[in-house]
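Below: the structure, in structure tokens.
The values are calculated or read from the model by the stated rules, or taken from the named source; none is laboratory data. Quick caveat, the model's predicted, so the values are computed rather than measured. Methodologically, a virtual Cβ is constructed for each residue, glycine included, from the backbone with ideal geometry; neighbour enumeration extends over all protein chains shown. Remember, those area values only see protein heavy atoms, side chains included, never the ligands or the DNA or RNA. Shrake-Rupley method; radii C 1.70, N 1.55, O 1.52, S 1.80 Å.
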Amino acid sequence: MSRSTSVASSKRSEPSKVHDSRAAAWPGRSHVSAFVHNLHLLQLDQLHDWPAITLQSYGSKSTLQHRLRATEWVLYRLFEIHDARLTRDKLRPFFPSTTPLGSKNLRAALYRQLGELKKNGILGPNIQLRQTMLDECKGERFEEVLAAFSMIVLRKIHPQAVKAVTEVKVSNLLPLILAQRKALQSGLEERERLVRRAATERTQIAEEIKQLKTDRARLEQTEPVETPVNADRINRLVRENWMGDGLWADVLIHSDGITSSHYVPSSELSSRRSAHQDLQHRIDAHKARLTKWQNYLSDVKRTSEIVDSS
């Protein structure tokens, strides 16, 4: 009985071990990310002089001038929220800085107030301050100070919201984070697949257009080949397919060799009208067919012009 109980308990503990290993492997939010997020929660980005602080503001490609300006502004605004009276008395005379000397004096005043927070235990025992920290405005310790101070101010303004967030267990959020990450990864892979497919089809279309232009140029340069006329074959085809009087077939074949004996007397003209009407009907049919082919040729030329223009 005890053995089965131990096996069951070990099986129940396996998911938690996997869960804990995933939580240990999951990279936590960086100090700069938490710091920027806190600034938005404090709605500092709504102020008219917001210096557009982002994750890249303290990245490797940021300039010293931009980091100094952003740090002076954000520390002053955080102190203004944390203690308006102290800010008015100790920091307001130096803000905003307009000269290098004014910037140095402002950063010195900000450092003194951070030291007071550290001395009073507000920043916490793990936060380390250095005299040159605000001269470079970069590094992990500096970013930790920004994140910690912004969180202190956020807790002062929204204590209930921060308490609710901190009470949520990471183990409960981790499955949602992993699912969201998987969904984003799948979306990116699908997008890359569609981009590759579009590039392949674009290349194929370009090659087909190039081939069509080459074929057309070759056809335009090729001289038409005249097919020799076979008189006997034409004579046989006309006589075999002629439905009316054979005299009209002779007129079509030997129009240049007609003599007076071929003409129909006036007394027989009325009997030949049906043959004349039949011939006129066939001529009209051939004209209609010719017009149809001419329209088709115009459509083909227009299509070729569209392909050339593309």
Kindly flag which residue pairs out of Lys156/Lys182; Lys182/Lys210; Lys118/Lys182; Lys210/Lys287; Lys61/Lys104 have an alpha-carbon separation exceeding 32 Å in this structure. Lys156/Lys182; Lys182/Lys210; Lys118/Lys182; Lys210/Lys287
Below 14 angstrom from the Cβ of Leu290, what's the summed charge of the other residues (Lys, Arg +1; Asp, Glu -1)? +3
Between Arg155 and Ser298, with labels modelled 7 Å along Cα→Cβ, what's the label distance in nm to one decimal, could you check? 8.5
Suppose the chain between Ala206 and Arg282 were pulled fully straight at 0.36 nm per residue; how much longer would it get relative to their current alpha carbon spacing? 22.7 nm
Neighbour net charge for Asn105 - beta-carbon separation under 12 angstrom, K R +1, D E -1: +3
Could you look at region 84-165 and say what percent of its accessible area is carbon and sulfur, using a 1.4 Å probe and all protein chains? 53
Work out how much length Ala199 to Arg289 would gain on full extension: take 0.36 nm times their residue separation and subtract the Cα-Cα distance, in nm to one decimal. 28.0 nm
